[in-house]
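Right, one structure below, let's go through it.
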């Protein structure tokens, strides 16, 4: 009974948060603050965490959020500057010409292919693409939801495969082994996400149209199969360095190949790839106002800087390891390595664009107004994640000759929220535990807005639980990570980030409500793969598991369809 109460108390703050977001339309930063206060108080007064530790780890979480929160800050600056200089307007009309207004083609090119490419080099489609889509005429909901869900399937290879690299460190395996293990999930997940995007943008009319099905299938399968193929190539005797580069560039390769595949299909169908006839007279004037290269200059600078700092080994080593710029809080040491992170280079790329694009009047004023809430939301959810990770930690005295000579942190596993959730799940599900692993990752990603944080929170305990159950730790751990990536479209912090750049803060609940079914269905598909892989099922058991999954999928689809029809 006590364990059940523990689990209930851990989950209650997040249930409250979901209710406030969806039904009371609270903003993400306010919801984050409420959850933070409840989790902090529970950690101290119920889970017996030392109050000084609780506040130290909260601050550590905020600092650890810098790759996310400061990326939000600088990317909003870049997009605001591009808007004020007219570069964004040029990009909008350029994107509008793509496919002659063919919506399915546009959605796949912009949100899946370009979104995957951008997030893989360290840029943020969730900040860069919403203003473009909104200006192209997409609704505020679609402008936020599509970029958020577009790069979800390959989130593992974001920031040049940082999540895969972190997972490799936790599991004690190579980056190549980590990237390959994650890639097994990609084809099914990317296909589901591609179809989900079409559903979000135009409902069953767009999804089941000829172009919708065709471009959804081509885009989803190409992205997933390219990711799988790039990582399976590492099985060949290519040399470790080249194999690692393939993992690092998985998302980049997948984005480019997906775009090329979509363009080839469009050409076969005799769809104009670039069609200026869809522009109004005013848009044609905007199109002629500056060159596309000039308008793209901030993004081009960013791509160049990220490639140089990550793909040239001496520069990468110097920025990541020779300039760690470490901050120590209690027993936590955080290597900020500011000059190695994308957010720093977003700022530099923006500054470098000033001689090309001009000053951009009122950029600072609008940027400050837009950025505070999403930056705060990203930071506060990381603080919540760190409280959960270090819950149950207290000071223990080191005594010598009867005197206290030092105090060290000691984590009591019986009071640690992560441990309680993982072990309870294992006890309840047994060898069915792989079914719940990706949902634990989804939960962690919802809290922190980061697949990397989901990996950091639960990988060790997934490994220990898998070992105790005699199932594959690699399968369970990667499923947790994929779940964390799929949570991007559910994370209040990320959704508010996207909403802020189009001045639509407050729609987070609506977005989460409509995107949650897709994220849950895709997580369920990951759970099906994980169950079969982790338990080393023979082929006929795989067929049974996926038969059940497809039955559930079709049943849910019919339920949603008939419910909507009844509401009409």
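Miscellaneous remarks
- If you check 148, 134, 158 for being more than 23 Å from residue 202 (Cβ to Cβ), touching a helix residue (DSSP H, G or I) at 6+ places or on another chain (Cβ under 7 Å) and assigned to a helix (DSSP H, G or I), only one passes: 158.
- Any hit, the range 323-335, residues being at pLDDT below 90 and either in a helix (DSSP H, G or I) or within 23 Å of residue 76 (Cβ to Cβ) (or both): no
- You will find that of 502, 512, 548, the residue that is closer than 30 Å to residue 431 by Cβ and either assigned to a helix (DSSP H, G or I) or out of contact with any strand residue (DSSP E or B) (no Cβ under 9 Å at 6 or more places or on another chain) (or both) is 548 and no other.
Per-residue answers, yes or no, for (1) touching a helix residue (DSSP H, G or I) at 6+ places or on another chain (Cβ under 9 Å); (2) crowded, with 16+ Cβ neighbours inside 10 Å; (3) at pLDDT 90 or above; (4) part of a helix (DSSP H, G or I):
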site	(1), (2), (3), (4)
282	no, no, no, yes
285	no, no, yes, yes
294	yes, yes, yes, yes
299	yes, yes, no, yes
302	yes, yes, no, yes
310	yes, yes, no, yes
319	yes, yes, no, yes
347	yes, yes, yes, yes
354	yes, no, yes, yes
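- Annotation: residue 38 fulfils all but one of (1) crowded, with 24+ Cβ neighbours inside 10 Å; (2) at pLDDT 90 or above; the unmet one is (1).
- The set of residues from the range 322-338 being under 23 Å from the mean Cα position of the chain (by Cα) and surrounded by fewer than 16 Cβ atoms within 10 Å (Cβ to Cβ) comprises 335, 338.
- Subset of the range 253-280 [assigned to a helix (DSSP H, G or I), at pLDDT below 90 and surrounded by 13 or more Cβ atoms within 10 Å (Cβ to Cβ)]: 276, 278
- Meets criteria (free of Cβ contacts under 8 Å to residues at least 12 places away in the same chain, under 11 Å from residue 391 (Cα atoms) and assigned to a helix (DSSP H, G or I)) for residue 5: no
- Residue count for the range 529-545 under the criterion of being surrounded by fewer than 21 Cβ atoms within 10 Å (Cβ to Cβ) and either at negative phi or part of a helix (DSSP H, G or I) (or both): the result is 11.
- Filter pass, residue 228 being assigned to a helix (DSSP H, G or I) and modelled with pLDDT of 95 or more: yes
For (1) buried (at least 20 other Cβ atoms within 10 Å of the Cβ); (2) on the phi < 0 side of the Ramachandran plot, each residue gets a yes or a no:
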{"site": "161", "(1), (2)": "yes, no"}
{"site": "169", "(1), (2)": "no, yes"}
{"site": "181", "(1), (2)": "yes, yes"}
{"site": "186", "(1), (2)": "yes, yes"}
{"site": "198", "(1), (2)": "yes, yes"}
{"site": "208", "(1), (2)": "no, yes"}
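- Restricting 107, 56 to those that are assigned to a helix (DSSP H, G or I), out of contact with any helix residue (DSSP H, G or I) (no Cβ under 7 Å at 6 or more places or on another chain) and in contact (Cβ under 8 Å) with a residue 24 or more places away in the chain reduces the list to 56.
- Any chance residue 44 is on the phi < 0 side of the Ramachandran plot and free of Cβ contacts under 8 Å to residues at least 40 places away in the same chain: yes
The values are calculated or read from the model by the stated rules, or taken from the named source; none is laboratory data. A quick note: this is a predicted structure, and the numbers were derived from the prediction, not measured. Methodologically, a virtual Cβ is constructed for each residue, glycine included, from the backbone with ideal geometry; neighbour enumeration extends over all protein chains shown.
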